[in-house]
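Asks: Submitted below is the structure of interest, expressed as C-alpha cells.
The values are calculated or read from the model by the stated rules, or taken from the named source; none is laboratory data. Model, not experiment: these values are computed from the prediction. Because the Cβ atoms are built from the backbone with ideal geometry, glycine has one as well, and the counts that use them run over all protein chains shown.
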Amino acid sequence: MICLSGDLHHMTLGTGNQKHSDIPEIQIAEIYLKLLEEAGIKVTFFITGRSFAEEWHDLEPICSSNNVEIGGHNYNAFKPALGHRIWNKLTGNYNGPFICQKRDAQRTIEIIQQKTGKKIQVWRNHMYMHGPNTEKVLADLGIRICSDGVKKDSNGLIPHPAGIFNFPLNIIPDHEHLIHAERTPQWIEWWQKRYNWSDDFGPDSYYIEEWTDIVLAGLKQNEANGVTSNMIIHPITLYLCDKFQSFKEKLLPWLSDHKTVFMSELLPR
C-alpha cells in the first residue's frame, strides 16, 4: 500500500516556493488534485489553519473531493518565528510551550471542522517540527496519527504511550531533496555549510528527473519488502520543478496501478 500525502500553506506565509510561483499554492494543489482524481489516487493533505480562514474559496473544492483526506498542519506555520526560535534556544523545543502548542492545534482543528464539518484524525507539524509535547497535545485533542519526520526503514504506524501513532516518511521527501525555486545548487551549498543539514536519505538534492527515479526505486523496494510506503509531495514544489511533467510521466502511472490509502485508513480497527 502507498500513503500519499502533501502539505498546503496559506499564501500569506510567503515561503520561498510561493515567491517563485506565478499562481497561489492552493490553486496549484487544485491542478495536482485533478491529476490524482483522474487516476483514482487518494491523498492526505495537511493544511494550515490560516488557509481555511484566508483562502476558503480555493480550498473548498479540494476539501470536498472524495479523493482527499484532510489533516492539520498548524495554524500559522510557527509564525512569527522569533518566539519559537527563542523558546528553542532556551529549551530545545521549537514547537513552544505546551499551552501554546495545544491552543494552536485546537484552533486548527476547530476551523477545519467549522469549514468542512469534518473532525480530523491526522496531523503533521510544519517543517516536521516534532517536540516532547507533540504526542500528548495531539492525543488530548483526538488526533490519532502524527506524520512528522523521516525514517528510511520505518514500516507502518508506531504506537506511542500517549495514545497516538507516529508515522514518519519512508520515501525520500521532495522539497528538501529537490533543486528548485530558491534552492539552487549554490543556495544548497551555502545551506549545507551553515547547518550541516541531513536526513535519513542523506544531505543531497537532485534535479527532478533523478529525484523521480529515486522515489520510484524506493516505492519498488518497499513493495518487494511488503512495507507500506509513506511519501510526501508538495504540489507547489513539483509545479516549480517542471509543471508536474516528471510526475505525470513516471510517478502517476505507478501510483495509479497500486493501492493508495488515506492515512487514517491505516488505523487499527
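Asks: Run down 191, 197, 187, 211 and say which single residue is modelled with pLDDT under 95 and in a helix (DSSP H, G or I).
Replies: Unique residue meeting the criteria: 191.
Asks: Please determine whether any residue of the range 137-152 is among the polar types (S, T, N, Q) and touching a helix residue (DSSP H, G or I) at 6+ places or on another chain (Cβ under 9 Å).
Replies: Looking through the range 137-152, at least one residue is among the polar types (S, T, N, Q) and touching a helix residue (DSSP H, G or I) at 6+ places or on another chain (Cβ under 9 Å).
Asks: Which of the following residues is farther than 21 Å from residue 11 by Cα and either of a type in the set (A, V, I, L, M, F, W, C) or modelled with pLDDT under 95 (or both): 112, 99?
Replies: 99
Asks: Take the conditions of a type in the set (A, V, I, L, M, F, W, C) and either assigned to a loop (DSSP other than H, G, I, E, B) or crowded, with 17+ Cβ neighbours inside 10 Å (or both) and apply them to residue 120. Does it pass?
Replies: yes
Asks: Could you tell me whether any residue of the range 149-172 is assigned to a helix (DSSP H, G or I) and among the aromatic types (Phe, Trp, Tyr)?
Replies: No; the residues of the range 149-172 include none that is assigned to a helix (DSSP H, G or I) and among the aromatic types (Phe, Trp, Tyr).
Asks: Okay, next question. Among residues belonging to the range 211-233 that are in contact with a Leu (Cβ under 8 Å, 6 or more places away or on another chain) and not hydroxyl-bearing (Ser, Thr, Tyr), point out the one that is farthest from residue 69 (Cα to Cα).
Replies: Restricting to residues being in contact with a Leu (Cβ under 8 Å, 6 or more places away or on another chain) and not hydroxyl-bearing (Ser, Thr, Tyr), the top hit is 211.
Asks: What number of residues within the range 134-178 are surrounded by fewer than 22 Cβ atoms within 10 Å (Cβ to Cβ), in contact with a Phe, Trp or Tyr (Cβ under 7 Å, 6 or more places away or on another chain) and touching a residue at least 60 places away in the same chain (Cβ under 8 Å)?
Replies: The total comes to 2.
Asks: Here is a list: 113, 101. Which entry is in a helix (DSSP H, G or I), out of contact with any Pro (no Cβ under 7 Å at 6 or more places or on another chain) and touching a residue at least 12 places away in the same chain (Cβ under 8 Å)?
Replies: Going through 113, 101 in turn, the sole match is 101.
Asks: Any chance you could count how many residues in the range 67-94 are without any contact (Cβ under 8 Å) to a residue 12 or more places away in the chain and either of a type in the set (Phe, Trp, Tyr) or not in a helix (DSSP H, G or I) (or both)?
Replies: Residues flagged as without any contact (Cβ under 8 Å) to a residue 12 or more places away in the chain and either of a type in the set (Phe, Trp, Tyr) or not in a helix (DSSP H, G or I) (or both) within the range 67-94 amount to 3.
Asks: Here's a check for you: in the range 12-52, which residue that is within 16 Å of the chain's Cα centre (by Cα) and aliphatic (A, V, I, L, M) is surrounded by the fewest Cβ atoms within 10 Å (Cβ to Cβ)?
Replies: The extreme case among them is 13.
Asks: Count, please, the residues in the range 1-55 that happen to be under 17 Å from residue 67 (Cβ atoms) and β-branched (Val, Ile, Thr).
Replies: Qualifying residue count for the region: 8.
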